[in-house]
Each structure stands twice: as structure tokens, then as C-alpha cells.
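Okay, so here's the structure we're looking at.
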Amino acid sequence: MGQIGFYMQLLPFIFVTVMPASLLLSVLYALTKMSRANEIISMLGAGMSVNQVLRPIFVAAAGVSCLSLI
């Protein structure tokens, strides 16, 4: 049970260390997929502003950042 407890204590450190890089890579992946499928252009053409398109991404990033601070 000693080794399991040791790794359980390391989980918060691993989460805080890995989360910023994984968040950056996932946002870049999602935006690239949307760009390749011309979804961003169609949203902008439908009258959405750049702020409206990127707001969910910024809210998710802020939420994950706050979660990693706890």
C-alpha cells in the first residue's frame, strides 16, 4: 500500500505540470481542425465576431487554469 500512496500523492503535482501543455495542444488541435474544415470562416461569414468564436475556448482555458490553482 506504500507505493500506491506515494503515487497518489504525486497526482496533484503531475496534474499541475501536465495540464498547461495539454491544454495548449488541445486548443491548437481543435482550432486547426476547425480551420481545415472551414468552420471558422463559415462562423465569421454567418455574422459571428472573432470574440464570439473564441470566447468558449477562453472560458474553458480560464476554467482549467483556475482548477489547476486549487
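Structure notes:
- Global geometry of the range 4-45, whether rounded, prolate or oblate, following the gyration tensor of its Cα atoms and the 1.5 cut on a/c: prolate
- The range 25-65 - percent of accessible surface contributed by carbon and sulfur, probe 1.4 Å: 67 percent
- Paramagnetic label zone (point 7 Å from Cα along Cα-to-C-beta, Ala61; backbone N under 19 Å) in the range 4-45: 16-36, 40-41, 44
- Per residue accessible area of the chain, 1.4 Å probe, in Å²: 82 Å²
- Each label was represented as a point 7 Å from its Cα along the Cα-to-Cβ direction; for Tyr29 and Leu54 these points are 2.2 nm apart.
- Full-extension gain in nm, Arg36 to Ser22, via 0.36 nm per residue minus C-alpha separation: 2.9 nm
- For the chain, the longest principal axis of the C-alpha atoms and the axis of helix 50-69 are separated by about 10°.
- Angle in degrees between helix 2-36 and the longest Cα principal axis of the chain, rounded to the nearest 10: 10 degrees
- In the list (i) 17, 38, 29, 14, 2; (ii) 21, 60, 19, 0; (iii) 17, 35, 24, 15, 7, 2, the label attached to P(r) over Cα pairs in 10 Å bins from 0, in percent as derived from the coordinates here is (iii).
The values are calculated or read from the model by the stated rules, or taken from the named source; none is laboratory data. Keep in mind the model is a prediction, meaning the values are calculated, not measured. All Cβ positions, even for glycine, are placed from backbone atoms using ideal geometry, and neighbour counts span all protein chains on display. In case anyone asks, the SASA skips ligands and DNA or RNA and just uses the protein heavy atoms, side chains included. Shrake-Rupley method; radii C 1.70, N 1.55, O 1.52, S 1.80 Å.
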